[in-house]
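Written out below as structure tokens is the structure these notes cover.
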Amino acid sequence: MVPHSYGPVGSSRFAGERSKGLTLLEVLAVLAILAVLLALAVLNGRGALTGQQDRAAVRSIQQSIWQGASAASARGRNTELVLSGRQVIVREVGSGRLVRTEELPAGVTTNLPHLIFAPPGKISADSFALVEDGITVNTSAGTTLLKVSIIGEVIAEGE
């Protein structure tokens with residue numbers, strides 16, 4: 001005959017035998033560890049996403065300037081680049097036909113002036129005088145200076 005043990009509640013019926021499964025305390029400990037790991041992942045993910053948006057904003061301005069010069073060259077018409085609120089707009093002068101439009105993320109500021117591109121794809125002399133010292137783009141990661149050439153090539157410094 002097997003001896004029975006009638007010890008405290010939750011104790012094993014047989015000496016040396018442990019019940020299968022987790023105790024409430026073990027489950028709570030695992031949930032607390034998972035909550036901490038999830039919080040760390042969210043904080044790191046948010047920072048990475050902001051950094052990507054900042055870099056995308058700088059690239060978007062670079063590409064918009066290049067596209068303005070390219071459109072003037074390809075279409076044989078004056079093209080303009082305008083910053084309207086958070087929108088960077090490239091369009092044909094006169095017809096207003098949109099070539100490109102991009103929205104800058106919140107928190108990104110720039111001194112991007114109104115630029116005019118003339119065939120064969122050069123920035124007009126008046127517009128070039130406005131960007132001769134560069135264009136600044138301020139993001140949460142810092143300030144990037146965009147150096148612009150007369151033909152719309154843009155080099156980012158300080159990224």
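The values are calculated or read from the model by the stated rules, or taken from the named source; none is laboratory data. Being a predicted model, the structure only gives us computed values, none of them experimental. We place every Cβ from the backbone using ideal geometry, glycine too, and count neighbours over all the protein chains shown. SASA here: full protein model, heavy atoms, side chains in, ligands and nucleic acids out. Shrake-Rupley method; radii C 1.70, N 1.55, O 1.52, S 1.80 Å.
Observations
- Scanning the range 93-129 for residues that are of a type in the set (A, V, I, L, M, F, W, C), closer than 14 Å to Glu80 by Cα and free of Cβ contacts under 8 Å to residues at least 40 places away in the same chain gives Val93, Leu98, Val99, Ile116, Ala125, Phe128.
- So Ala57, is it of a type in the set (Gly, Ala, Ser), closer than 16 Å to Val154 by Cβ and modelled with pLDDT under 95: yes
- Counting only residues that are among the β-branched types (Val, Ile, Thr), in contact with a Gly (Cβ under 9 Å, 6 or more places away or on another chain) and open to solvent by less than 40 Å² (accessible area, probe 1.4 Å), the range 108-144 holds 3 of them.
- Output for the range 102-126, where each listed residue is closer than 25 Å to Thr139 by Cα and in a loop (DSSP other than H, G, I, E, B): Leu104, Pro105, Ala106, Gly107, Val108, Asn111, Leu112, Pro113, His114
- Taken together, the criteria place Ile65 among residues that are of a type in the set (A, V, I, L, M) and buried (at least 18 other Cβ atoms within 10 Å of the Cβ).
- Number of positions in the range 116-144 that are in contact with a Ser or Thr (Cβ under 8 Å, 6 or more places away or on another chain) and of a type outside the set (A, V, I, L, M, F, W, C): 8
- Subset tally (residues that are more than 19 Å from Ser140 (Cα to Cα), surrounded by fewer than 20 Cβ atoms within 10 Å (Cβ to Cβ), of a type outside the set (A, V, I, L, M) and under 25 Å from the mean Cα position of the chain (by Cα)) for the range 68-101: 4
- Residue within the range 117-133 that is among the aromatic types (Phe, Trp, Tyr), modelled with pLDDT of 95 or more and over 18 Å from Gly94 (Cβ atoms) present: yes
- Tally of residues being within 17 Å of Ala69 (Cβ to Cβ) and either open to solvent by 90 Å² or more (accessible area, probe 1.4 Å) or touching a Phe, Trp or Tyr at 6+ places or on another chain (Cβ under 8 Å) (or both) across the range 149-159: 5
- The range 127-148 - residue that is over 20 Å from the mean Cα position of the chain (by Cα), of a type in the set (A, V, I, L, M) and not in a strand (DSSP E or B) and, of those, nearest to Trp66 (Cα to Cα): Val131
- Condition check for Ser5: in a loop (DSSP other than H, G, I, E, B), open to solvent by less than 60 Å² (accessible area, probe 1.4 Å), farther than 30 Å from Ser149 by Cβ and at pLDDT below 85: yes
- Which numbered condition Val90 misses (of (1) in contact (Cβ under 8 Å) with a residue 24 or more places away in the chain; (2) on the phi > 0 side of the Ramachandran plot): (2)
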